Structures are given as C-alpha cells and as structure tokens.
Amino acid sequence: MRPTALVEVRDVSRTFNGKSALDHVSLSVSLGEIHALLGPNGAGKTTLIRLVAGLTAPTGGIVRVLGRDAAQAGRNLRRSIALIPAGDRTFYLRLSGQENLVFFGRLQGLSFGTAMARARDALAWVGLAEAADLPVGRYSHGMQKRLAVARALLVDAPVLLIDEATHNLDPEGAQRVRGLIQEAAARGAAVVWTTQRVDEIRGLAHTVTLLHRGRVRFSGTVTQLMSLSAPRTYLLRVRNGRVSRDQLQPALAAAVGDHGVITPMPDDPESCVLALPDGAILGDALARLMAAGFQVLACRDERPAIEQAFLQLTGEQS
C-alpha cells in the first residue's frame, strides 16, 4: 500500500503570456519521501515549486497539499510548507542572522522564547552559529543560502520545498544541507528537491521526476532512471609489458571477450575505454583482463550512468 501522499500534482499546466511553462505535469510526494525534480534551466522546476507553495495558481489541473487545494487554502496551509527559494531576497540585511530567524519564527506562530531557541539551534545545524550576530548584509551568498535552510527548519513543517538548495555551496556546506533534509524526511516530511545536478540525487532522492521544456520525460526511482542510460563506459589504466603496442588492441579484445568493448587511447597505450553492454558486470570484465596478464592500475566512470540518462532523456547529448 502506497504511503499517504502529502503533495499531489494532477495534470497541471501553467502558461505565461501564451507560453507554456508546464504541460500536463503529474507527480505525488508521500510522507517521508524525498522527490527530486530534475531538469535543465527553463524546464519548469521553479514554476512547479511556486504552484505547490500556493504562490501562483495553475492554468489547468490541480495541486493539493495536505489534501487541500494549494491555490485556495491561504495562510494556514502555507504555515505547513517550508520553502527554500533559489534566489532569496526576503532577509532583512541590516538585521543579524538570529534576528531574522526570530522574526520569521514569530510569523510562523512561535512564541518569542521558542523562536529564540529554535533560531539558535537552526543556526548551529547549518554551521552559522559563529555568524549569528552579524548583519545578513555581510553574509556571503553561500551563508545566505544556509540561512534560508535554517529558516525552513525553524518548525517541523510537513512539506519542504527546496529549489536548488546547494547551488553555490562548497562541498562541506552542500553535504550538511543534504544531511539536514534527509533528517527532516526521516521525521516524516514530504520533500520536493529541485536540482540541475544529476549527481546530487543519487543516495538522496527516493523518486525522481525529470522535466524538460515543461513536460515530464521520466518519473520513477533513481535506479530506474540509471537503467535508461546508454552503455556504461569506463576509463581504465592497464599495463602488460609482454604485449607490443601493435598487438594491444587484439589482446585486450580477446581478454574481455563478449563482456564488453575495449579500445586503447591513441595517445596513451596504458589508457583504454571499456564499454559495457546491458547486463554486463564490470567486475567480470576486469577479472578477465587480469587473468590474461594485464595489470589494472585504475578504473573510473567516464560519465556516470545517471548523467547519461539525463542527457538522453532531454536530448542534449553531445
């Protein structure tokens, strides 16, 4: 039985000045689920986030949050939604980070004492405790992004809408934010996480909707998305002093057999590209190379499978 859906988008379209931003989009996000909304610039991700947040109304279809029409539910429903926008200009630059969080906590119905305590905790969670008393105007872009995450975590909102949360964050900051969102989902929040970074959703999202030019090109799990990719390719460094350069290609091909196609790089005889067909196992191909006397010095993805799938579905492969 499917868990309770906290966010439901049914056959939603949205046009602006006669141009379609979303075209019959449907998705649902359940209790405790992180749903990645993936797509390039202009795909319609931010428009969909705004529809779910109740900031704009669909041209067609319906958006329900906690069982209520998001476009008509008003302020009470919006208090159940925490939004981290892609570009945030809503902070008061002359106030400190803590003063901003207390102000927004009070708007969400927290008492002053509770807002103060939650603000201190949230600033610590996002790594801004030492900057709590600095005016936000002195924060870097990355610090302001983390402050937006802190604001979203002031209350345990049942729905989290996150638009490019880790954009312009350093790796440590991005990892911290992802961890906090995973903890929120573990507590039961339904999370919609938009991103252009295909590598980011692996190990984070439970389900994925891929948008391109306002239309759904894929909906399913991350594993299912990866299965749509082109044949997997790996860059290997191999060594076998007993094989001449002229004999390298046939020797490699004979070693791999029907477990893949392997081609030496013309400018470096120790570097090869290994392409694996569907169902082939990388370990089997490497084991055959080593059994044939080749030393496998290194192996890495030439392009992650999830990125291949993304480019294939959006028609943007080079």
Among rounded, prolate and oblate, which fits the chain when a ≥ b ≥ c are the square roots of the eigenvalues of its C-alpha gyration tensor, a/c under 1.5 means rounded, and a/b larger than b/c means prolate?
prolate
From the residues LEU252, ASN240, ALA285, which one has its Cα farthest along the dipole of the stretch 232-314 in the positive direction, the dipole being from +1 and -1 charges on Cβ of Lys/Arg and Asp/Glu about the Cα centre?
ASN240
Between ASP69 and LEU107, how high is the FRET efficiency from 1/(1 + (r/R0)^6) when r is the Cβ-Cβ distance and R₀ = 25 Å? Nearest 0.05.
0.65
Quick one: of the DSSP bridges fully inside the chain, what percent are antiparallel, nearest 5?
70 percent
Quick calc: nm separation of the 7 Å Cα→Cβ label points for SER13 and SER244 -> 6.8 nm
Rounded FRET efficiency, nearest 0.05, which uses the C-beta distance separating LEU282 from THR4 and R0 of 41 Å:
0.55
Proximal charge balance of THR114 [Cβ under 15 Å; K/R count +1, D/E count -1]
+3
Quick check for me: using +1 on Lys/Arg Cβ and -1 on Asp/Glu Cβ, what's the dipole size of the chain about its Cα centre, in debye to the nearest 20?
1040 debye
Rounded, prolate or oblate: which one fits the stretch 232-314, using the alpha carbon gyration tensor with axes a ≥ b ≥ c (rounded when a/c is under 1.5, else prolate when a/b beats b/c, else oblate)?
prolate
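Values quoted throughout were computed directly from the atomic coordinates according to the rules given, and no laboratory measurement underlies them. Predicted, not measured: the structure shown is a model, and the values here were computed from it. Heads up, the Cβs are rebuilt from the backbone with ideal geometry, glycines too, and the neighbour counts pull from every protein chain shown.
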